[in-house]
Structures are given as structure tokens and as C-alpha cells.
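Inspection log for the structure reproduced underneath, given as C-alpha cells.
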Number of protein chains: 2
Amino acid sequence: MVIEAVSPEIDGGRFPVKRVVGEKVVVEADIFADGHDLLAARLLFCKEGVSEWSEVPMKPLGNDRWQGAFRVEEVGIYLYTLQAWVDRFLSWRQGLSKKVLAGQEVSIDLWIGAEILEDLVPGASVEDAGKLKKWAKLLRSSGEETLRAETAMDEEVAAAAARCPERKWATDYERVLRVVVEPVQARCSTWYEMFPRSCAAKKGKPGTFRDCESLLPYVAGMGFDILYFPPIHPIGRSHRKGRNNNPKSNPGDVGSPWAIGAAEGGHKAVHPGLGTLEDFRRLVAKARQQGLEVALDIAFQCTPDHPYVKEHPEWFGRRPDGTIQYAENPPKKYEDIYPFDFATENWRELWEELKGVFFFWMDQGIRIFRVDNPHTKPFAFWEWLIGEVKEKDPSVIFLSEAFTRPRIMYRLAKVGFTQSYTYFAWRNTKWELEQYFTELTRSQVKEFFRPNVWPNTPDILTEYLQMGGRPAFMARLILAATLGASYGIYGPAFELCENQPREAGSEEYLNSEKYEVKNWDLDRPDSLKDLIARVNRIRRENPALQSDRNLRFHSVDNDQMICYSKNTDDLSNMILTVVNLDPHHRHAGWVDISLAEWELDPRQPYQVHDLLSGARYLWTGPRNYVELDPRSAPAQIFRIRRRVRTERDFDYFL
Amino acid sequence: MVIEAVSPEIDGGRFPVKRVVGEKVVVEADIFADGHDLLAARLLFCKEGVSEWSEVPMKPLGNDRWQGAFRVEEVGIYLYTLQAWVDRFLSWRQGLSKKVLAGQEVSIDLWIGAEILEDLVPGASVEDAGKLKKWAKLLRSSGEETLRAETAMDEEVAAAAARCPERKWATDYERVLRVVVEPVQARCSTWYEMFPRSCAAKKGKPGTFRDCESLLPYVAGMGFDILYFPPIHPIGRSHRKGRNNNPKSNPGDVGSPWAIGAAEGGHKAVHPGLGTLEDFRRLVAKARQQGLEVALDIAFQCTPDHPYVKEHPEWFGRRPDGTIQYAENPPKKYEDIYPFDFATENWRELWEELKGVFFFWMDQGIRIFRVDNPHTKPFAFWEWLIGEVKEKDPSVIFLSEAFTRPRIMYRLAKVGFTQSYTYFAWRNTKWELEQYFTELTRSQVKEFFRPNVWPNTPDILTEYLQMGGRPAFMARLILAATLGASYGIYGPAFELCENQPREAGSEEYLNSEKYEVKNWDLDRPDSLKDLIARVNRIRRENPALQSDRNLRFHSVDNDQMICYSKNTDDLSNMILTVVNLDPHHRHAGWVDISLAEWELDPRQPYQVHDLLSGARYLWTGPRNYVELDPRSAPAQIFRIRRRVRTERDFDYFL
């Protein structure tokens, strides 16, 4: 018996697949054997640590492909495997029924059937055992052959036989596979990145955690559920960078939050200017009251002033002249940053300490971490660390910031990162977006990699945003929010359409917030905050947008327009989004959808309701016209409403 | 360091890939690590049993994909695996060169370089060791920095460093993979199936091996290289089938050759009517002199008269009434056939005996076997048996006759069958043929499954042949011979266009040769023998047609016409075939090819030479017109000839 091509299965079971609480795991496999016997198969599953397997029968899909499914109900790790066997009873019954139909003599066959039923007795319940014995006796009896054959083919017999399958020759699948089950927020989350030091109400003054509290209604009001802070630790003074990344800083320059560590402390301390640890915990609690989880940035690197440098000089690389090796990307030198040497002789101590950093912030109430540059640390470190953290609290979420080559990005997801930044910011044409999101949502990648799409970050101001202005920000926001079940923006730079680069060709901001304190004018009339709030409300109200599994692209006969949809499995929620990708010109096109996929009646009109503008349109057939002006509304987010007939046959849409 | 997504690799290395002598194994893998260091990788390979690995460096293809290749020179088993490591020297040199270009101070870097070179000394040859030490000393010296840096970047240093890579931190790929290397005939073979008892020159008389000898020139003259006989053993008398598969036979009925075993002997005996074992050996030798290998049919099943039944009743299944279980496919009963019970308690003895059957015929000079219905015997049996046979003689070829579901067909190829019958006979439309041959030649299937395509067999007379008559036979012959590097026909029924079914809807022949002796009129004027000879000569003279790896379909704007090409890797031989699939009507269409793929100059005409008719055409550009009349020539087999400029620029084609 062969069980192969099991899906989902990542790298021969080396890595788990990912699900969130409440989701189904649909398992398929090729199952076959030599010969013509009928087979049966079951899917076995359990939560790790539970001693009993649950089971569910698998069903043949045709062409030797079988399917079964189970639901994961709790965070943690689930296990699953498969088993298949020859169903002797059904194989025999199939042959018998053909012979009876052909009017053949079947007395010996009935005798064989009796043997098969008797063989099932040892594995049967007391009640079934009695029945099986009774039927076997009847089959062996001298009663009228046709009557006996009819009894044998009764569904009651098949049902009893199915309850106690003879599995002594069963084949077990050679591997036990794993599912990591995470909170629902692992699949769907809406991130807002903000520098706490820019939160002060007064111009020129750096903000504190207390100041942040007063901004919580602003962020929550836009509909975000995660508030992510760049590192909040003391900032080094040696080689501190000045404004606009100037290698020399002036007195009063605040430095980059990613230059972690000073006399005041390192990765477990808070920057004194922001307040106390007490203040931080208070902020986290206040945020939670407004539906916001605070996410922290974990950047494993130190300034020369970090306490680790004195306490554990052996955790860092050394140059032949005895100095500590600073970070380099030749010819660039980052003398303000010392990377850890993860392969140091004392690696165990180092790794434990870094784990302690996560544990420390978990103890302060943090359960979402954005990890800076994980691709410059060993995969083995992350696999170990995420395992340790998840053992303490399986609901912790890790976002991987690995802007690097695709294989490495995917590997980090495989070793355990919950979500990952993507290439979304640089995918701006229709072809690029379709290709990329098809790879992310339709290939095996979907089993382990959860995209989190960001139109901007403090490091990324794309040419598209630089040149397209406000319409470009609107289009990219809507793309991010409707293509990705998880997305985020770096604000208030985003809603205020901050788009001046430091220099032509650069993706760095002019006067970047990374090196200075900002005081944003959040009430500017051109702010996109109302649009953002509307889009996030649409996301919250439409479950189709809360998952990436059903993303599907549709054709539009205009290369500047992109069209795609998401729907719930039961089709109770169907969202069709059309975006004009050209921030400069009005575009129009004919959109093609498949009516059959959505069970829409081709003979009746259906309603599409633009959730952005509130407008409703009656569409007919698979091909309909859309026109979009980037200045007013570069996109429409339609909810598709099926026509429901009433007794009076008034048009009514559900 | 990660080495993954290795190709070719079948089911995680569970099964070997297949090659023939002289072919290349091109190995690719994703190879990457955290961080930014430069990597190096090598492919290791050896013949099984050889203690030393050979190695070849792998080259990056971009996007973390690496490639290396080796050639297999002998039949047998080759092993391969991969190794990758950080190339410290090249990583360092890359950084140094960027720093030097940026005019930075590099004295410490030179010192680091010296350390790296010194670390290479222990693995270097005496000569290299001396050089490395000398360079290291120079790098550490107080000489002019720029000069020292220039020395370090000299290619001679890189070459020496590459000769003794520091592999103590190298990562070995976790698996050693296998290649089964078979004779060239495993990849390209031309089969002719013939019933020896129908070879008699005189009407009504059954033919003998001696009679067969006189037909060898006929078969060899058509260009075949394998002459395959249905079973040549004594035929049972119990329940012998009559003409047209009549359950009752009349005296004089000869029975089916697949009903093996009688008082005269079983699987190791020859039918007395055909001659002696001596005669058979003589025929095999005579055939070989004419370039024909004799292939035998191995059908593991017995008639009730087979000596095994008396000698080893325990090798067969038993019904509750004590009788031996005959073959059934309810409601059909095959009372003339007893299948072996491969799971009998005495399975070891049975399996050894069946192995002995192969060994016996190998001792008679046979090295090509066509195996009947292998899918009704356990996969484990075949994997074991083919392994045993190949250990005795790795050049033996097995053709699997498994007309069953695709997963099972593929599994038999994985467990060791050299070639396999396919669904070709039932793939008659353009869409079907394109889909099927794309799956066979472009997916991973090509690594383990070698198709052998047959337009007809003694069991398969398709509707297409029944209804299409002679033009259909011509079209199917050309499709088989140009789509498949291996193909075969069941003759003389094929060349004589035998197309009468036993009844409407049946694929059985009327008066099938399986149940009676035939006397074919080989000289009939409508015989396709000359066309067959021509097609087989084209196959022999054009190496492009001797492999399936480069098969590619091209578009024609007519669904009744199919177009495809094969070419050698070096483009010295390029064959483009166009076939009219409609046996009733003349069709024409525009054929599209890619000039760039064949390095054809778009500004110049090129010649296409129809090897069937001898006609030559000048084509220009990617789109050209073809018209085919099925009655005269349903196909054209073009050799593409590139234009070669001469000094005088006369048109001249190579």
C-alpha cells in the first residue's frame, strides 16, 4: 500500500504548516495499492501531548487522491498522520453484487463473506460482534442463495463492518506531521508603526509614553489593532548619527532608536526620555482597553555603549588589532553598531540571554514582536528561540523583517516566524502584483508564509509614492488592505503623504524620523485618516478580507487597472476590488468575473455595492464596466450581493 | 547553511533517477545561508562501489539556485550528493575590493586576509602551501598598502585558494541520491511485436522459430531494433479459449499464448509447436546479426495445467471449498488462469522461483523483457526482482505493461521498470496529446518514467484506427515515432491496417490473433511497410528524435493539426513535425515557431526539408503555412536547416 504526495507537508515534514485557531486542515494524499481491491483510509490527528488520536475517515476524490479534514481549536501544536488499508468487506461485496446481477452462482462467495465478517469480530463492540456472528452464520447457512446475498449487501452490514475495520494489515504513513496553531491575529492584523518620541503635543519637545496615551484614540479610531513601536531602549552616544544619517551628530541630536544600548541600559531597559517601565506597562494596558496590542521591535545589535560590550566582550567578533568588529557592508561602515557573534564559544550563554530579552518583554505584557533583520542571524537560532518562546506562550506572534532574497525570507517563515514583510512595496505594476500574490496565496508558500504588506516603512519610501503623491498613497493603501489580510503603515508619515526623498534615487526620507523628533500635524485637511478608517472598517466588517486563501485575480482589459476578489468559503461574503494603478490619469475598463464561482444567476442582474463610496450598481453577466479617477477615488471595493427571489419577485439582494 | 529543493530527486531520494550511458546528470539545488558571505558548493559523484568521490564545482544561477553536472559513462548505479561552505577568502576579497575602490584604509583587512590564507595551508598541496604562506607574509608586511591589496586581489591567489577550500565548516546535503544508468536502448528503441506461430510461409500451418528466421529481414528492413514475442511457452488445455475468445474451444484451437503452462512445461519451457530451446537460441542469435534484439513477454500467471499447480499448490490462493482460486474481474471469470498468491506463506520460495524465470531466459541470451500486467503483483516484488536482475546484469531492460491508473503506472516506473506503456493509444486530439506529452516530458515524471508509445497492441484496436482506416494508421505511426523516442507496433496487423473490431464498441480485433494462427500477406500493395521503413530511417538518422527531453509543442491555428519539435542540445539537429489529426479531410494552418530558440536569423529565410517526401521549402519568420492531405501524407517531418553565409553569400543551408 502506498501513501504519498501528502499535502500539506513542508519539506518532507521537516517544518510544520501554519493555521490559526478555528481553521480547518484539509489533508490530501495519493493512496493506492497493486491489484483491484477497494481501499479505505483515515486521517489521525491530536493536539501534541494528548495521548489519544482522534480520527476522521478520508474520502476518495478520484484518480487515487484522498481527502480528509480536521479543525484546530486551540493555540499550540497539532499532529496528524494517515493510515490506509484494504477494505476486504467492501471489495468482496462489490464482486458479489456484480455476480448476483449477472445471475451467477455465489454459494462459495457467501462462504468467503462469512469468513471476512468473522475476522472482524475481534475488533468489534459487543453489540456489533453479535450481529457479525449472526450474519456470518446466515451466509454459511443452507438458506435461499439470493436471500442470503441480499442480506450480505444490506447497508446495515456494511455500516457494522465499517465500524470495526480490519487494520492488522493497515499501512501507516511514514511521518507524523505538525501544525502550529496561532491566534487569529496571526492571520489577520492591521499594524500602525509610530515613533513614541514624536508623540508630544508641543512642537520641538520629544514625546513620552504618557504623550502616546493621548494618541491612542487617534490610532484606534483609524481601525488599527496593533500599535508597533521602533526600539524603545536607551540610544548609544558613540558614533551617534546626526540628522539625515549624518555620520557626525550635533549636540541635541537624538540618534536612531535602532542604535541600542547606553549607560542607562540595553535591551531590557527603556529610554529615560520616554518614561519608565511602569509608564510603558501603563501604556500597554491603556492601548489594550482601546483594542490595540502594542508590538515591540527586537533588534539584536548593540552600540559600543551597550552594557553587554563591557560585561560580555566575548559575545562580539574581534579584529586582529583587538578591537571589536563593527557592522560593515563594504564600503559602508556602521561604527555605531556591534553585531553579536552567534557562533561565539559562549553561544549558549548569549542565546539564553537573548531569549531572556523576549521573556522580559512578555512579562511586561507584550505578545507581538517585530524582529529586525532576522536574516543576519542563524536560522538555527530563530528556530530554537521561537520554539522556546512558544513553549512558554504559544500565542506570541513574530513578524520577520527580512528584506532579503526570497529563499531566505521563506526559510525564516519555515523556522517559525508568524508573519513576514514582503516585496509588496516594490510591486507596483499589475503583472508584478498578480505574479507575486499568486505565488504567495496559491502555491505551497501559503502553508508556512503569512505575508504582511506595507506600502511604506521608515526605511522605504518608494519611487511610486514619491512621484504619485496623494493618489498613489490612496491606491497603495487600498491595495495593501485588500490584498493582504495583514498589512501595516508607518504613520503619521503615511496618512500625511510624506513623500520627499533625501535625494533623487534614494528611498530614504528627507529629514527622516529615524534621526530626529517630529511633530506631526495630524489634523491637516489632506490627511488620509478618514479613508484609512473607512478601509479598516470595511476589513473588519467583511470576513472575506480577513484571509488570504481565497484571493483570485480577474481580468480587466486595461493594464493600468487591477481587479481581484476574496470570498468566504460559504460565499456569504464576496468582495471584489478594482484599483487604478496610474496615480496620474483616469482609467476605465471591462472587468471579467466568473458568475458560476459565486453562484450568480447569469439570467439575473446582481448588485455590486461600493463600500468606499456607498454607491450601488446593478451588474449583469460576467463583463462589466468600471471607471476610476485617481484624484477622487483610485479604487472601488465592491461587496457582491446575490439576488434573492421573494414571493412577489421584487428585486432583493442579500 | 541550507541545501534544499535538490533536483533531480524522486520522493526525497526514496527512488533513483534514470539515465542512459553517456547522458549528463544536471543537478540543481537552492543553497543559501544567513548573512552576506559568499558561498561555494560542489557536486560529488561516483559509481556505486567505487570508494573515491569525484567532484565538480557548482555554479550559481542567480536567486540562490546552484547547478553542477556530471556524465554517467557505464551501466549500473551512480551516487551523487552536494556540499556547500562559506568561501571566506572570496567574501573577504569582495569586501576588500569595495573598500579599496572607496579609498578606505585597509591595513586591518589585509591582516584578516593573511589569517584566512594561513588557515588554508593545512589543506593545500606542498606547492600551494608555499605560495599561500608567502602571500600571507606579504599581506602582514609593512609594504605599501595599495600594492599589498593588489596582490591579494590577484586571480592567482584566488585560484590557489579555490584549490584548497576550507571545508571544515562545510555542510553536507543530508542525502546521497542514486542514478540508475541503463543502455542507450532504454531511452530510444523501436519495437515490433509479432506472434511467432503466425510466421509460417504456408497458409493454415502454424509457424516455428525456424520460420521466424526467414521473416527477420522483413522486420529488420523496416528499421526495428527489438523483435518482441508474446509468451512462447506451452499453452494450457483446461478451459482453453476458442477463436474470438469463445469460452469453449474446438479441437484444433490453439489457445492464447498468455495461458501459460501445460504438461510439456511452464515458464522455462518453449511451446513444442514452435520448436526447441535450441531453435530459440539460434533465432535470437540470427536476429542479433540483423540488428534485432529479441524481447520476451513475462506473464506471471498459470493455467490449471501448469506444472507449478501440482508441484506448489501452496503458491496459489484457495477458495473455501478447497479449489484453487481462478482469476476474476466480476462478473468475468477466467477459469483458465490461476494467479499466484504473492503473499503466500511460502512467498520467499515463490519469489525466488520467479526470479529464476528471468535468470533462465537471460541465460538463453535475452536481455529485454516486456512484463505483462505488473500492476496486479506487489510493488515490493518488482523492486526486489528488478534489483536482483540488475545486479546480475545491469543492462537488462524491462518494459511495464500496466494499463491502469496513472499513480500506479508511475509507481512501477519508480520501483525500477525501464520503460512503460502509456495512454498514447487513447490520446487522439491535439489537446490530449499536448497535455499528456507535456506531463511526460516536462514535469518531474521525466526523471523516472520513460514512455514507450504504441498505436496498437493485440488487445487495443482503438476507435480512431477502426474509423479512420489507412490515413489514421499513417498518422498514428508518425505521431508515435516522432513523439516517442521509444515506440512500437503490433504487426503485421499494423502495417496491413487491420481495423475490424469483434463488435461495435469493442477494442478487440475480429478473429484476434490471440486465439488463432494467422497467415499475413506481407506483400499487399497497401501495406505501410515502406512508410514505416522511411520513418524508422528518419529516427535513426536524426538524434533529435532519439530522446524525449527536448520535446516542445508549437501553436497551429487549426485544432486538427498538431505541431511539435525535438532538437539536440547543440542545435545541430532540429526536427519539426506537423500532423493532420483528421483522417478524413485535408487541413491547412499557420505554424508558429520561436526563431530565437533555434538561433535562426529573423532577417533571413531558412530551409525546412520534409524528410518524408524529400521536398524542401524556404520559410521566413516565425509563422509559416502548412497544408496536409491525410490520404497522401498526413504529416511532414521537417529537418530545419540554418542558413550559412558563404563568402559569395550564395544561399547555403547547414
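Bear in mind these aren't lab numbers, they're just calculated from the coordinates by the rules spelled out. Worth saying up front: this structure is predicted, and the values here are computed from it rather than measured. Every residue, glycine among them, receives a Cβ derived from its backbone with ideal geometry; neighbour counts consider all protein chains shown.
What the table shows:
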| read-out | value |
| --- | --- |
| Average beta-carbon neighbours from other chains, 10 Å sphere, peptide B:110-117 | 1 |
| Whichever lysines have a C-alpha closer than 19 Å to that of residue A:333, once near sequence neighbours (fewer than 8 apart) are set aside | A:241, A:248, A:377, A:514, B:98, B:99 |
| Degrees separating the helix A:406-415 axis from the principal Cα axis of chain A, which is the longest one | 70 degrees |
| In degrees, nearest ten, helix A:107-120 long axis to first principal axis of chain A (Cα) | 40 degrees |
| Amide H contacts under 5 Å for residue B:39, placed H, 5+ residues apart | B:87 |
| Net charge contributed by nearby residues that have their C-beta within less than 13 Å of residue A:427 (K/R +1, D/E -1) | -2 |
| Per-residue ³J(HN,Hα) for segment A:125-141, Karplus 6.51 cos²θ - 1.76 cosθ + 1.60, θ = phi - 60°, Hz, x for Gly and Pro | 5, 4, 5, 4, 4, x, 4, 4, 4, 4, 5, 4, 4, 4, 5, 7, 5 |
| Peptide-level mean, for A:507-518, of C-beta atoms on other protein chains within 10 Å | 0 |
| About the Cα centre, charge dipole magnitude for segment A:183-541 (Lys/Arg +1, Asp/Glu -1 at Cβ), debye | 660 debye |
| Förster radius 51 Å - calculated FRET efficiency between residue A:153 and residue B:276 (Cβ-Cβ, nearest 0.05) | 0.45 |
| HN-Hα J in Hz across segment B:352-360 - Karplus 6.51, -1.76, 1.60, θ = phi - 60°, x for Gly and Pro | 4, 5, 5, 4, x, 4, 4, 4, 4 |
| Rh by Kirkwood over Cα pairs, then Stokes-Einstein D for the protein assembly as shown at 0.692 mPa s and 37 °C, µm²/s | 89 µm²/s |
| Shortest-first distances to equivalent copies, position residue A:251, nm, label 7 Å out along Cβ | 12.9 |
| Per principal axis, descending, Cα span of segment A:468-560 in whole Å | 42, 29, 23 |
| Loop-located GluC sites (Glu not before Pro) in segment A:133-237 whose Cβ has at most 12 other Cβ within 10 Å (DSSP) | A:144 |
| Karplus-derived 3J(HN,Hα), 6.51/-1.76/1.60, for each residue of segment A:307-314, Hz, glycine and proline x | x, 4, 5, 6, 6, 9, x, 6 |
| Shape box of segment B:423-518 [Cα atoms, principal axes, largest first, Å] | 42, 24, 21 |
| Considering only chain B, percent of DSSP beta bridges that pair antiparallel, nearest 5 | 70 percent |
| Loop trypsin sites (Lys or Arg not before Pro), segment A:358-417 (other Cβ atoms within 10 Å of the site Cβ: 12 or fewer; DSSP) | none |
| In segment A:434-492, trypsin sites (Lys or Arg not before Pro) in a DSSP loop with at most 12 other beta-carbon atoms within 10 Å | none |
| Within segment B:1-36, backbone nitrogen closer than 14 Å to the virtual label 7 Å beyond the Cα of residue B:67 toward Cβ | B:7-8, B:24-30 |
| Rg/Rh (Cα only; Kirkwood hydrodynamic radius) as it applies to segment A:183-541 | 0.94 |
| Neighbour count of at most 11 Cβ within 10 Å plus DSSP loop: longest chymotrypsin sites (Phe, Trp or Tyr not before Pro)-free window in chain B | B:170-649 |
| Average other protein chain Cβ within 10 Å of Cβ, residues A:31-39 | 5 |
| Förster radius 30 Å - calculated FRET efficiency between residue B:526 and residue B:617, Cβ distance, rounded to 0.05 | 0.55 |
| Point-to-point label distance, residue A:129-residue B:121, nm (Cα→Cβ direction, 7 Å offset) | 8.0 nm |
| For chain A: relative contact order, % (alpha-carbon pairs under 8 angstrom, 6 or more apart) | 10 percent |
| The protein assembly as shown: antiparallel DSSP beta bridges as a percent of all, rounded to 5 | 70 percent |
| Label-reachable residues, segment A:385-402, where backbone N falls under 16 Å from a point 7 Å from residue A:362's Cα toward its Cβ | A:385-399 |
| Nonlocal amide H pairs with residue B:20, under 5 Å, H built at 1.01 Å | B:182 |
| Column: log10 I(q)/I(0), Debye, Cα scatterers of segment A:88-164, q = 0.17, 0.19, 0.26, 0.28 Å⁻¹ | -0.56, -0.69, -1.27, -1.44 |
| Shortest-first distances to equivalent copies, position residue B:443, nm, label 7 Å out along Cβ | 1.7 |
| Charged-residue dipole, Cβ positions (Lys, Arg, Asp, Glu), segment B:30-130 about Cα centre, Debye nearest 20 | 380 debye |
| Cα pair distances exceeding 37 angstrom across chain A, given as percent | 49 percent |
| Cα-based helix-to-principal-axis angle, A:88-101 vs chain A, degrees rounded to 10 | 50 degrees |
| Theoretical FRET efficiency, 1/(1+(r/R0)^6), r = Cβ-Cβ of residue B:168 and residue A:334, R0 22 Å, to 0.05 | 0.15 |
| Sequence-distant residues sharing a close amide H with residue B:509 (under 5 Å, placed H) | B:502 |
